[in-house]
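Quick note: the coordinates plus some simple rules give every number you see, no bench work behind them. Bear in mind that the values here come from a model prediction, so they are computed numbers and not experimental data. Methodologically, a virtual Cβ is constructed for each residue, glycine included, from the backbone with ideal geometry; neighbour enumeration extends over all protein chains shown.
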Amino acid sequence: MDCFEQARRGFDRYVAGFHDPDGSVPFAISAKFQHTGEVCEITDRILAGEPGFTAHEALVFRLCALFHDLSRFEQYAKFRTFLDKLSFDHGDRSAALIDELGFIPDLPAEDRACIIDAVRVHNKFAIPADLPSAHLPAAKMVRDADKLAILRLIIRFFSGDFSDPTIRLDLPDGPGWSAEILETALRGQCVRYTDMKTINDFEIALFAWSGDLNYPASASIALDEDLFGRLRALLPADGRIDDLLESARARLAKLRDSRRP
Ligand SMILES: [Fe+2]
């Protein structure tokens, strides 16, 4: 059994500990388990489009994907929420749990340090400037795969007949949006959740993620799946929102056609 498969089995066993005593799986636990699977699948797709990495680097990136949300199960079991502000920072806690639970014991210390760093920063507003440069490729990849998986999830959620307890927004739905947030997203700059006032603001802010992807293969996936076109379809008819989609597509096309960072 290879290292990833072994870790995957350990992860599955750990999550099974959060099933109900009768064997049924709470929806929130199952949703996060599926999200991890999706981030692993997207990581494999990014890797397929970025052939410059060694098999060992690919293993490290796949382990980052597997463990990136490790603390979500404990978070839900203890706090019944996925909101970090009401519980704990799930990036920090997931990183700590890798050690606490004794995962990947045979991996070299440098690889473990890289995975722990990438998991720790996967949910931060930006990658901290003091992250060791050797850990950047892993941090960038897990952030890309997570963003693409979250975009898929949000599109499914807002497209209708889908409910997911992992999406809980404390924002009202309404017809308008903040012009300032739209301009920030148009520039491809990330918007803080605390600045958002409506669901439209939230959806508009997601367009800035087109400027926060790192790998050309990630941009290819976003374009192939038309993630931003589908996101735009959720928003009102307006020329400025069309501009937003156009700018996101142009940014993605530029990254797709660029060299690997
Ligand atoms: Fe996360």
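Structure data summary
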quantity	calculated
More than 21 angstrom apart: percent of Cα pairs within segment 171-256	23 percent
Percentage relative contact order, segment 171-256, counting C-alpha pairs under 8 Å, at least six apart	32 percent
Computed label-point distance, nm, for sites ALA126 and ASP92 using a 7 Å Cα→Cβ extension	2.0 nm
Sequence-separation-based contact order of the chain, relative, with Cα cut under 8 Å and 6+ spacing, percent	17 percent
Loop-resident sites, segment 210-259, for trypsin sites (Lys or Arg not before Pro), counting at most 13 other Cβ within 10 Å (DSSP)	ARG259
Inter-site label distance for PHE79 and ALA250 at 7 Å from Cα along Cβ, in nm	4.0 nm
Inter-label distance, nm, simple model (7 Å from Cα along the C-beta direction), ASP242/GLN6	5.7 nm
The chain shape via C-alpha gyration tensor axes, a/c threshold 1.5	oblate
Dipole magnitude (debye, nearest 20) for the chain, charges at Cβ of Lys, Arg, Asp, Glu	220 debye
For the chain, the longest site-free run once chymotrypsin sites (Phe, Trp or Tyr not before Pro) in DSSP loop states with at most 15 other Cβ atoms within 10 Å are removed	1-124
About the Cα centre, charge dipole magnitude for segment 171-256 (Lys/Arg +1, Asp/Glu -1 at Cβ), debye	260 debye
Kyte-Doolittle mean at least -0.5 and Cα axial length at least 24 Å: DSSP H helices in the chain	27-49, 136-158, 239-256
Selection from ILE150, PRO26, ILE98 lying farthest towards where the dipole of the chain points positive, charges on Cβ	ILE150
Net +/- balance of residues flanking VAL121 in space, Cβ distance below 15 Å, scoring K and R +1, D and E -1	-3
Pairwise FRET efficiency - LEU234 versus GLU110, Cβ, R0 = 45 Å, nearest 0.05	0.55
